[in-house]
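Comments concern the structure below.
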Ligand SMILES: [Cu+2]
């Protein structure tokens, strides 16, 4: 009758056991890391119907046309750096008649949901930089129709 071989003990005495464990742990860390990276919340990649870029030069485009009676998602992109002395690179997107008033931090983007609106022209502005909302550079309009 053959003697029972102590498998586990023999394995743990293998000279490369520590190396294998190290490789295994490295793979686990890599897989978990990739999983977290893939599952990270996308802060600026939300889908939007329109994109408005806001800089010290103004809003681009400064005039938007959207359909009446349906909500619209607008992606606001602020490529300005925080080293701007004028407002620290922050831009505002305010549409008083639609109850919208958000600020976009420097070198970032956000998606703002415009509510369904009646046909008409709705002014928007940034009051942070460039002399405030009276400055023609930081004004625009949304034409709902
Ligand atoms: Cu501004």
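In the stretch 133-144, the residue that is surrounded by the fewest Cβ atoms within 10 Å (Cβ to Cβ) out of those that are within 12 Å of the ligand (Cβ to nearest atom) and without any contact (Cβ under 8 Å) to a residue 60 or more places away in the chain is 135. Filtered by the rule that a residue be within 16 Å of the ligand (Cβ to nearest atom) and either in contact with a strand residue (DSSP E or B) (Cβ under 9 Å, 6 or more places away or on another chain) or not assigned by TED's automatic domain parsing to the domain that holds residue 128 (or both), the stretch 75-90 gives 76, 77, 78, 79, 80, 89, 90.
Annotation: of all residues in the stretch 91-111 being over 14 Å from residue 78 (Cα atoms) and outside any helix (DSSP H, G or I), the one that is nearest to the ligand (Cβ to nearest atom) is 94. Among residues of the stretch 112-132 being crowded, with 17+ Cβ neighbours inside 10 Å and in a strand (DSSP E or B), the one that is nearest to the ligand (Cβ to nearest atom) is 125.
The values are calculated or read from the model by the stated rules, or taken from the named source; none is laboratory data. Because the structure is predicted, anything quoted here is derived from the model rather than measured. No Cβ is skipped: glycine too gets one built from the backbone with ideal geometry, and neighbour counts run over all protein chains shown.
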